[in-house]
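Q: Input: one structure, supplied below.
The values are calculated or read from the model by the stated rules, or taken from the named source; none is laboratory data. Bear in mind the structure is a predicted one, so any value in this text is a computation, not a measurement. Cβ: placed from backbone, ideal geometry, glycine included. Neighbour counts: every protein chain shown.
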Amino acid sequence: MENINDEAKGNFAFHRKSPLKMLIGALFGILIIIVAVFMVFAAMNEYKKGGYIGQDIVAKNTITISGEGKIFATPDIGVIDLGVVSDAKTVAGAQKDNVEKMNKITQAMKDLGVEEKDLKTTNYSISPRYQYTSGRSDIIGYEVSQTLQVKIRNLDKAGDILGKGAELGANQVGSLSFTFDDPEKLNQEARTKAIANAKEKADALSNVLDVKLIRIINFTESSYVPPIPYYSERSLGMGGGETATPDIQTGQNEVSSNVTIVYEIQ
């Protein structure tokens, strides 16, 4: 009887563990399938890569053409920095002199037709002045400096503006430059001329070489910005002494564009 009970218990335990074993077996089977699929796709990818081994990179036949376009235009805007430097024994004294002169200059610019939006203070500073004696430095006064940037839209009045500034106490001039109110328009005109020049060269060259232009595969551009003219204080009549109205000549500025076009040919 005991043997029969032991056998029954063993069978019960076997049947109780069977579902667990079945689950483990199923999961193991799924894992094998996933690994097999992964290995198949990996092998296919390696096969595709191997198909390119030993093959040269397909190079396209090309020609490179450069073109240049230039525009000459008369500037329509002038920019000038008018500065006043004042010296006095005290800060208050230097400030008083500087402010009075600069206020008069600012008002005179407005009276000459310069709009308030074209007047901008670009510098204001206060610094001590020293005297060095026997290795010792002593403050002997103060210097106040102020700079007003003036944008001149009516260039016919450029000489009058500079002369009036000097007459009212402007004793420092940073620079005088001429530029354009809409430079991008001129850049586009120069670029258009440069591209047309390059295309003309490409057409002529393709006829000589007996090739066909397929398409543009690369394009680069560089632009040329003319140097800003600089006029010293002396040439503008601001070097001290009796002032005179300078004769301002704007001349013409050159705006140029250089392009490089790469064509695919056949």
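Q: Those residues that are more than 21 Å from residue 176 (Cα to Cα), surrounded by fewer than 21 Cβ atoms within 10 Å (Cβ to Cβ) and touching a residue at least 40 places away in the same chain (Cβ under 8 Å), I need them from segment 83-92; list them, please.
A: Passing the criteria: 87, 88, 89, 90, 91.
Q: With the condition kept exactly as written, say whether any residue in segment 50-62 is modelled with pLDDT of 90 or more and under 40 Å from the mean Cα position of the chain (by Cα).
A: yes
Q: Still on this structure, I have one more. In this structure, does residue 105 turn out to be surrounded by 16 or more Cβ atoms within 10 Å (Cβ to Cβ), among the aliphatic types (A, V, I, L, M) and either over 30 Å from residue 204 (Cβ atoms) or free of Cβ contacts under 8 Å to residues at least 24 places away in the same chain (or both)?
A: For residue 105, the condition - surrounded by 16 or more Cβ atoms within 10 Å (Cβ to Cβ), among the aliphatic types (A, V, I, L, M) and either over 30 Å from residue 204 (Cβ atoms) or free of Cβ contacts under 8 Å to residues at least 24 places away in the same chain (or both) - is met.
Q: Now a separate question. Can you go through 151, 117 and tell me which one is within 31 Å of the chain's Cα centre (by Cα) and surrounded by fewer than 11 Cβ atoms within 10 Å (Cβ to Cβ)?
A: 117
Residues are listed down the side, and each one gets a yes or a no for (1) buried (at least 16 other Cβ atoms within 10 Å of the Cβ); (2) within 30 Å of residue 221 (Cα to Cα):
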{"position": "125", "(1), (2)": "no, no"}
{"position": "128", "(1), (2)": "no, no"}
{"position": "140", "(1), (2)": "no, no"}
{"position": "145", "(1), (2)": "yes, no"}
{"position": "164", "(1), (2)": "yes, no"}
{"position": "171", "(1), (2)": "yes, no"}
{"position": "176", "(1), (2)": "yes, yes"}
{"position": "191", "(1), (2)": "yes, yes"}
{"position": "197", "(1), (2)": "yes, yes"}
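Q: Out of contact with any Ser or Thr (no Cβ under 7 Å at 6 or more places or on another chain), in a strand (DSSP E or B) and more than 18 Å from residue 98 (Cβ to Cβ): which single residue out of 127, 137 fits that description?
A: Step by step, each of 127, 137 is checked, and only 137 is out of contact with any Ser or Thr (no Cβ under 7 Å at 6 or more places or on another chain), in a strand (DSSP E or B) and more than 18 Å from residue 98 (Cβ to Cβ).
Q: Name, by its number, the condition in (1) touching a strand residue (DSSP E or B) at 6+ places or on another chain (Cβ under 7 Å); (2) outside any loop (DSSP other than H, G, I, E, B) that does not hold for residue 75.
A: The one condition residue 75 does not meet is (2).
Q: For segment 199-215: of the residues being outside any helix (DSSP H, G or I) and in contact with a strand residue (DSSP E or B) (Cβ under 6 Å, 6 or more places away or on another chain), which is surrounded by the fewest Cβ atoms within 10 Å (Cβ to Cβ)?
A: Checking each candidate, the answer is 215.
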